[in-house]
Protein chains: 2
Amino acid sequence: MEFEAFSPSELAAYLKRIPVVSALLGDGELEVVEVGDGNLNYVYFVSNAAAPQRSVVVKQAPPFLRLVGDAWPLRRERMEREVAALRRFGALCPQHVPQVYHADSGLYLMVIQRLASHRVLRGGLIDGIVYPRLAEHMASYLARTLFFGSDLYLAPDAKKAAVAADINSELCKITEDLVFTFPFGEHPSNAYSAALPAAAIARLREHEPLRVAAAQMKWAFMNHAETLVHGDLHTGSIMVNETDTYVIDPEFAFYGPIGFDVGALLANLLLAYYAQDWHERRRGRDPQVYQGWLLDQAVLVWNGFAEKFAGLWRGHERDSGRAFVGGAADAPAAEAFRQRFMQRLFADTLGFAGCKMIRRIVGMAKVADITRIADDAVRAQIEVRCLRLAEALLVQRDAFASIGEVVELTARLRAQPGFDA
Amino acid sequence: MEFEAFSPSELAAYLKRIPVVSALLGDGELEVVEVGDGNLNYVYFVSNAAAPQRSVVVKQAPPFLRLVGDAWPLRRERMEREVAALRRFGALCPQHVPQVYHADSGLYLMVIQRLASHRVLRGGLIDGIVYPRLAEHMASYLARTLFFGSDLYLAPDAKKAAVAADINSELCKITEDLVFTFPFGEHPSNAYSAALPAAAIARLREHEPLRVAAAQMKWAFMNHAETLVHGDLHTGSIMVNETDTYVIDPEFAFYGPIGFDVGALLANLLLAYYAQDWHERRRGRDPQVYQGWLLDQAVLVWNGFAEKFAGLWRGHERDSGRAFVGGAADAPAAEAFRQRFMQRLFADTLGFAGCKMIRRIVGMAKVADITRIADDAVRAQIEVRCLRLAEALLVQRDAFASIGEVVELTARLRAQPGFDA
């Protein structure tokens with residue numbers, strides 16, 4: 001089937017025919033506004049023109065990568081995958097996942113909850129806005145979604161059935177290529193800032209410890225089917241306001257490493273941190289205040305996640321009476337294993353964060369935190385800091401004893417002068 | 001469907017009606033002999049009474065664990081899994097995998113190549129027989145089956161489709177329980193030698209580093225979908241003679257860690273090593289000669305496997321022009337990653353070997369190498385050595401620099417007196 005994006009009037013007419021959506025939107029004229037970022041999908045806000053608070057989001061996932069077009073075809077399954085993941089994560093975390101009202105696989109289309117008083121977190125961070133409940137909410141979302149999909153909670157056969165059902169080859173391939181492979185070689189999809197020193201690019205290709213570490217994370221991404229992850233949890237996949245936090249767009253969801261989502265979020269907070277040396281200064285403010293808040297959020301997200309995840313695990317073993325390590329739930333070995341597990345998960349998280357930062361600097365898909373820095377020299381300097389931190393996260397991921405050490409290094413690298421390879 | 005094992009005459013009549021099998025066996029009366037070990041399946045040799053070289057093996061996998069009966073039901077899929085795995089491994093290694101002539105899922109039955117001049121390796125090792133081509137053949141079998149199922153060779157979507165197709169929850173659960181969980185706690189399925197010191201049993205339950213390491217291997221077994229493994233590659237799953245080596249019984253096959261099969265084989269060679277202090281002495285021979293051969297085989301299997309596996313990988317990258325690490329196949333990073341990968345694989349292998357050894361000493365399913373030791377005190381002493389080595393393999397698995405160091409420790413523990421916890 002040839003895909004054709006709806007015209008606004010076609011979309012309005014279609015939605016009128018869906019009882020559950022029509023009931024939400026009410027009678028009268030519908031207003032349709034396209035709001036997608038253009039990378040992958042068509043996204044519309046559809047509202048009742050006379051009662052704009054009656055509103056839904058329509059997302060249409062065409063059978064190709066929108067950014068590239070027909071030359072990068074994608075399958076219908078990605079929309080079905082996203083709907084299934086929204087429902088699964090929504091069941092675990094209803095307060096942080098938009099509701100799905102309607103899904104139509106034939107049209108590559110879903111209708112979901114409108115988050116009308118929320119904005120995309122990335123934009124809020126660029127604007128220097130403080131979200132007081134963000135870290136607590138994300139820690140809770142991450143702990144619940146990542147714990148309940150894993151062998152630490154599910155019966156082994158249910159977990160294995162979920163692994164098979166949630167295979168997502170097509171979108172995983174995008175990550176395998178764009179995050180873990182292309183940035184480390186010459187590839188036409190890579191894109192470098194004009195002023196980025198050649199030595200910084202060469203280092204990604206030639207520094208063996210970095211290359212080895214990135215390949216280890218690639219292997220983990222492709223092989224460690226630990227839990228159902230969101231798969232693309234950057235700050236553009238989070239909608240926020242003062243009181244709420246929602247995670248959207250889980251079309252990359254698959255059974256992957258527990259640390260992948262946590263790493264993606266930390267990576268984006270750390271990119272935002274370095275980028276603030278431009279954005280806050282441009283607003284005439286001392287960047288260090290907001291930067292301090294950003295690093296605090298990285299600390300609160302990891303520590304909150306780790307505490308909640310371990311708490312869910314401990315509680316489940318207590319309730320069931322059985323420990324993953326074997327024997328009774330209160331065996332000292334159960335707690336000893338939990339501690340080692342969380343250490344290993346932390347190292348994984350940092351490794352994935354490093355890869356995610358690198359791809360945003362030299363890979364195809366950029367982040368506005370960086371691209372909106374108008375001064376080439378400043379942008380390149382900030383990008384170099386991002387790359388240096390990313391390398392340290394990857395290569396030394398087993399050596400960091402705490403997230404506190406990570407943010408200390410993050411701040412230290414901000415204070416250092418330029419790049420030397 | 002109620003399962004009923006064939007009577008010999010029913011089985012003969014059935015086989016006569018299958019053209020391909022009937023052609024192999026020829027006209028005339030068929031002789032049917034039951035030869036299964038009774039743990040899981042019914043196994044028959046069926047031969048032409050007038051021409052005994054015309055012969056096949058019939059394996060019937062009932063919908064329950066034969067050792068336990070109806071109380072441990074199993075699904076029909078395990079027979080289908082075994083047939084699929086035999087065909088897959090056979091395509092990769094025809095000289096080391098028996099041919100499948102016929103499969104009948106409705107009857108839980110397969111007809112496969114008779115290995116008439118071969119015997120089960122475990123029995124041969126107990127009898128102190130040298131198999132000059134064993135290590136080379138097993139290194140080749142392991143390298144080929146484990147490499148060609150992995151992301152190092154397969155296209156990512158083909159690999160992921162194979163992961164989903166080869167989910168084997170039921171038999172994996174047996175391993176998860178009997179290898180990785182029950183031996184480390186009190187469980188009714190555990191079985192201890194009369195003279196095994198209480199301290200040796202207590203150590204399995206109380207020594208935290210051992211418990212943590214075993215749980216890490218359990219996690220890897222359940223989560224690391226690296227390649228299609230045989231899943232039960234002990235010396236009872238290998239048929240040998242002077243010139244040939246065949247791997248049989250892959251009903252536990254699933255996408256799991258590359259090190260699992262290699263570890264299983266090493267574990268069984270090391271158990272055989274300690275057991276020879278009884279068997280060779282009983283035959284009036286100095287055990288150290290055959291023990292030396294056994295340790296040599298452990299070295300040759302690992303080193304041969306590692307060299308062939310890395311060689312297949314290197315060759316594939318050279319042929320395709322692309323490295324897993326990204327960039328060109330000849331990038332120094334490709335070789336650096338390969339070396340680290342093989343180190344990690346070695347550590348995994350040792351960890352799995354340790355778990356496999358422990359389960360054979362204290363778990364439900366024993367090995368004849370050990371159970372045939374008639375003297376309780378000698379058996380217990382040998383079992384203690386097995387447990388001590390297993391613990392070292394698990395806890396220090398990242399510290400062994402080579403298989404040479406492993407066999408040195410193996411020999412050293414043989415020379416030490418009794419167990420102290």
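The values are calculated or read from the model by the stated rules, or taken from the named source; none is laboratory data. Since the structure is predicted, the reported quantities are computational estimates derived from the model, not experimental observations. Here the Cβ positions follow ideal geometry from the backbone for every residue, glycine too, while neighbour counts run over all protein chains shown. Surface accessibility is based on the protein's heavy atoms, side chains included, excluding ligands, DNA and RNA. Shrake-Rupley method; radii C 1.70, N 1.55, O 1.52, S 1.80 Å.
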Original post:
Counting only other chains, what is the mean number of Cβ atoms within 10 angstrom of the Cβ of each residue in peptide A:220-231?
Top reply: 3
Subject >> Proximal charge balance of A:Ala49 [Cβ under 14 Å; K/R count +1, D/E count -1] >> reply: -1
**OP:** Using per-residue counts of other Cβ atoms within 10 Å, averaged over each peptide, order A:217-225, A:363-371, B:345-353, B:314-322 from highest down.
**Re:** B:345-353, A:217-225, A:363-371, B:314-322
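For the stretch B:23-138, calculate the relative contact order in percent as a whole number, restricting contacts to Cα pairs under 8 Å that are 6 or more residues apart.
This gives 19 percent for the stretch B:23-138.
So how do B:379-386, B:164-171 stack up, highest first, on mean other-Cβ count within 10 Å?
The peptides rank, most packed first, as B:379-386, B:164-171.
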Original post:
What order, most packed first, do the peptides A:8-21, B:330-343 have when packing is the mean number of other Cβ atoms within 10 Å of each residue?
Top reply: B:330-343, A:8-21
**OP:** Determine the share of the stretch A:8-113's accessible area contributed by carbon and sulfur atoms, expressed in whole percent, with a 1.4 angstrom probe.
**Re:** 53
Original post:
If you put a point 7 Å past Cα along the Cβ direction, how far is that point for A:Phe45 from the same point in each other copy, in nm, smallest first?
Top reply: 8.0
Subject >> Residue closest to axis [chain A; rotation mapping onto B; Cβ; Å] >> reply: A:Ala164, 2
Subject >> Members of B:Lys59/B:Lys308; A:Lys160/A:Lys218; A:Lys366/B:Lys160; A:Lys308/B:Lys159; B:Lys173/B:Lys356 lying beyond 24 Å, as alpha-carbon distances in this model show >> reply: B:Lys59/B:Lys308; A:Lys366/B:Lys160; A:Lys308/B:Lys159
Original post:
On average, how many beta carbons from a partner chain sit within 10 Å of the beta carbon of a residue in A:322-333?
Top reply: 6
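Please give the calculated 222 nm ellipticity per residue for the protein assembly as shown, where each DSSP H segment of at least 4 residues contributes -39500 (n - 2.57) and the sum is spread over every residue; nearest 500 deg cm²/dmol?
That comes out to -17500 deg cm²/dmol.
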Original post:
Span-like helices, chain A: DSSP H, alpha-carbon axial extent 18 Å or more, mean Kyte-Doolittle -0.5 or greater, which ones?
Top reply: A:77-92, A:134-148, A:208-223, A:259-282, A:287-320, A:332-362, A:376-395, A:403-415
Original post:
Shortest first and in nm to one decimal, what separations exist between B:Pro19 and its copies in the other chains, measuring from label points 7 Å along the Cα-to-beta-carbon line?
Top reply: 5.6
Subject >> Å² per residue, accessible surface of chain B at 1.4 Å >> reply: 37
Subject >> Carbon/sulfur fraction of accessible area - the stretch A:143-206, other protein chains in place, 1.4 Å, % >> reply: 57
Original post:
Over all residues in B:335-342, what is the mean tally of Cβ atoms on other chains that come within 10 Å of each residue's Cβ?
Top reply: 4
Subject >> Gap separating the Cα centres of the stretch B:1-75 and the stretch B:352-421, nearest whole Å >> reply: 37
Original post:
In Å² (nearest 100), what accessible area is buried between B and A, both sides summed, heavy protein atoms only, 1.4 Å probe?
Top reply: 3600
Subject >> Cα→Cβ-extended label distance, 7 Å offset, between A:Glu80 and A:Ala50, nm >> reply: 4.0
**OP:** Provide an ascending nm list, one decimal, of label-point separations from A:Asp376 to the equivalent residue in each further copy; define each label point as 7 Å from Cα along Cα→Cβ.
**Re:** 8.7
